[in-house]
Structures are given as C-alpha cells and as structure tokens.
Amino acid sequence: MGIVTGTQKPRTEAAPSAPGEHVALKLDRVGKRFGSTVAVRDVELDVETGTFLTILGPSGSGKTTLLRMIAGFLPVTDGAIWLAGRDVSSVPPGKRGIGMVFQNYALFPHMTVLENVAYGLTVRRWNKARRVTRAREVLSTVGLEGFEERFPRQLSGGQQQRVALARALAFEPTMLLMDEPLGALDRELRVRMAGELRRLHEELGNTVLYVTHDREEAMTLSDRIAVMREARLESVGSPQELYARPDTAFVASFFGGHNLIEAEAISRAGATATVRCLGQVLEVACSPRLRSGDDMVLAVPGDGIDLVEPGASGRQAVPALVHSAVYMGSQIQVNCDVEGRSPLRLRVDMPGGRSVPPPVGSRVEVILRASAATAVPGVAGEAQIAQEEDW
C-alpha cells in the first residue's frame, strides 16, 4: 500500500549555468558511455569549497569512472564539469589544477622520496631551489621529515601513501582527488591513515573528493557523502543524515546496514507517516522520495530495536528466536528470527561492555522504536537482496 503525497514536478531542460563563487565543483548532468554500456548516468552534484566529499558505492556503481572524468583522464559523453567557476569538460588533466592519489600510489621506484614529491613541480618547470623547498615543506606536513633520500622500496605501505599524498599536494592544487588510497593497507593502518587524512584536511582546508566502497571510511572522513548505485547518484548528505534518515532502501541497507521491514501505510502528514509494521502502529519519519502508490519498507537501524524477555514489556512486542549473538567490543550484534515471519531476520545492536546477550535458541521479544525508523520506498524482498549483495 502506498502513501499519498503531492505530485513530483516535471523536470525542465535548462542551459548549463556557471556555479556560485563558493562552489569548487559542479557536475551538470554528467554521463559516460562505453559503446552501449552506461557507466555514469545524468549526475548532478555541487561541492562547496573546503568540503571533504566521499563518493561511496559498491563495485561497478560508476564512482571511479566519475572521478576519472573529473580529473580529465576520461572525456565526458554528456553534460559538463565546472571547477572553480570554469567549464573544464574539454581541458586536459595537467591544466585542471587537480591533485590525484591512486590506490597503488604510482611512485617512481628509481626516484628518492624528495624526487617523487618534486616530480610534478619539475613538469611545471619550477626552478630547482623552489621545488626542493616546496617538496620539503609538504613532506614535513605529512610527517616524513628525514625520509627525503629514501627510495619507495625502503618505506612501509603507510609511508608510501603519505609520499603519494605529499606529491599530490606539492603544487597546491585547487582540488584533491583520491581513488581508494587506503585499499592496499591492513585494517589497523587504514584506521590510522584515515585519521591522518582527516587531520590534514582540517589543517589545510583543501576540497577533497574521495572514492571508496568502505562505509566506515566514508563515515570517519567525510563532511558529505554521495552514494552511487548502478551508474546513478542515489543520494547525497552528511554521514549523520544518511544514517539517521536514509531516503531510499538502498541507502539504508548499503550505507547504514539497517533492517528493512515490510510495512503498511495508514496515513501521512507532511514529513511523518503512520504505519503498521510487525503488528505495531508507529508514527515515523517519512522519506521525501516516497510518492503516492509506491511500495514501502521501514528502515530501522540495529540500535533502533529493543530486545526484551517474553512478557517483560507492556508495549507492543513481536516474538522472535535468537539465531546468533556476536560480541564486537563496543556492541553485541544479536540476530533474531521473527516468529511466523520466516525468513525475516532482524539485527539488534546491544551495547557492549558488561551486557550479556541472550543465549542462542532462546525466545525473546523485539520492539521497534518509532523515533529511529524511517519509511522509504522499496519492496521488502528486493531490499533484502540488496542487503545480502552489498554487505
């Protein structure tokens, strides 16, 4: 059953216009095709100066293709790319003023650290004294003083990553693009380097576009996140907005890891809706993407569900059977099979510490917290498939 709402305004064609002075990057209906394959479709996005924006999505969603078009390594098929108020759609990479950090770092093995960092300045014909001074400055910024004469093979993975970052920063680019730069590092080093990247961004104030498929990286680093799916831009928002109030089932499952539960609409008033879900009648937030006649699911995060002993609550509750319980330090993840609703399995996140999870196989009751739930467009079966494939 759908929710009744206003009609969507038809989209009108308009000539591209230059972005405002505070917009570092504007993508105006950008698209990319390889023969009959559509890699990026109709992307519209504004990025304000000084923003750390992460492009997040599963493999094949088009995020790296989009980044390479912004850098100038791939020509756009449709639309226009504006950098600092200038249409650069046909401008070669070296004239866009963009720094780029790749996943494999692309360091020259026969050059020292100092020579690697100064390479871009040599290409730009800076004199030797000026480029050496600048290279030493950025090496100091990334914490690599004293490493100037080493070669890449003499560095750890994290140190190589910082050399690549220093090289990208050396010529003071208008924007820094990073394509999964932490992907080759082990987990502990990724966490440490993510913190270092965030510190450098806050210190330098660069505009950064960062590509990853790791939602934890995206949440740790970003001011804003652009979620891509199947060549399209699915949603854009702050990490807090996308987690607390996802606007589609895909964003809820891929970014937030939310439970997606079939629900029935009762009524809607503005940004809230009254729905029936698992026998509970709840007043919840409603996605602005939900239109009249749409199928609907309720997106509920794991920490938005209360787990109680049978009969212990006077509120509406749903019986369930504990399938598994995993201790994860700060939280305990409990998976429960809802009785009579097979194969519906809910993930409940309990606080860690001294909490004791219920035994596997025990009977419990689950209560959905309305304040944590969001009604989004989607079909329960399809949403569950999206969760399984993308996690």
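Being surrounded by fewer than 17 Cβ atoms within 10 Å (Cβ to Cβ) and within 24 Å of Lys32 (Cα to Cα) narrows it down to one residue among Val101, Val123, Val76, Val91; which is it?
Val91
Would you check if Arg245 is over 29 Å from Lys63 (Cα atoms) and basic (Lys, Arg)? Judged against the criteria, Arg245 is not a match. Among the residues making up segment 311-353, those that are assigned to a loop (DSSP other than H, G, I, E, B) and of a type in the set (Ser, Thr, Tyr) are Ser313, Ser330, Ser342.
Taken over segment 215-240, the criterion of being without any contact (Cβ under 8 Å) to a residue 24 or more places away in the chain and out of contact with any Ser or Thr (no Cβ under 9 Å at 6 or more places or on another chain) is satisfied by Glu216, Gly237, Gln240. The numbered conditions (1) assigned to a strand (DSSP E or B); (2) within 18 Å of Val208 (Cα to Cα); (3) over 16 Å from the mean Cα position of the chain (by Cα) are all true for Asp42 except (2).
Scanning segment 137-161 for residues that are farther than 20 Å from Val191 by Cβ, under 33 Å from the mean Cα position of the chain (by Cα) and surrounded by 15 or more Cβ atoms within 10 Å (Cβ to Cβ) returns Val138, Leu139, Thr141, Pro152. Any residue at all in segment 174-192 that is among the β-branched types (Val, Ile, Thr), touching a Gly at 6+ places or on another chain (Cβ under 7 Å) and within 14 Å of Thr54 (Cβ to Cβ)? So far as segment 174-192 goes, no, none of its residues is among the β-branched types (Val, Ile, Thr), touching a Gly at 6+ places or on another chain (Cβ under 7 Å) and within 14 Å of Thr54 (Cβ to Cβ). Of all residues in segment 250-293, those being free of Cβ contacts under 8 Å to residues at least 24 places away in the same chain and under 12 Å from Thr374 (Cα atoms) number 3. Condition check for Gly146 on (1) more than 27 Å from Ile70 (Cβ to Cβ); (2) in contact (Cβ under 8 Å) with a residue 24 or more places away in the chain; (3) of a type outside the set (Ser, Thr, Tyr): one failure, at (2).
Those helices (runs of 4 or more DSSP H) of segment 113-230 in which at least 3 residues are assigned by TED's automatic domain parsing to the domain that holds Val101 and modelled with pLDDT under 85, considering only elements entirely within it, cover 187-204.
The values are calculated or read from the model by the stated rules, or taken from the named source; none is laboratory data. Predicted model only: the values in this text are computed from it and were never measured. Virtual Cβ from ideal backbone geometry, glycine too; neighbours counted across all protein chains shown.
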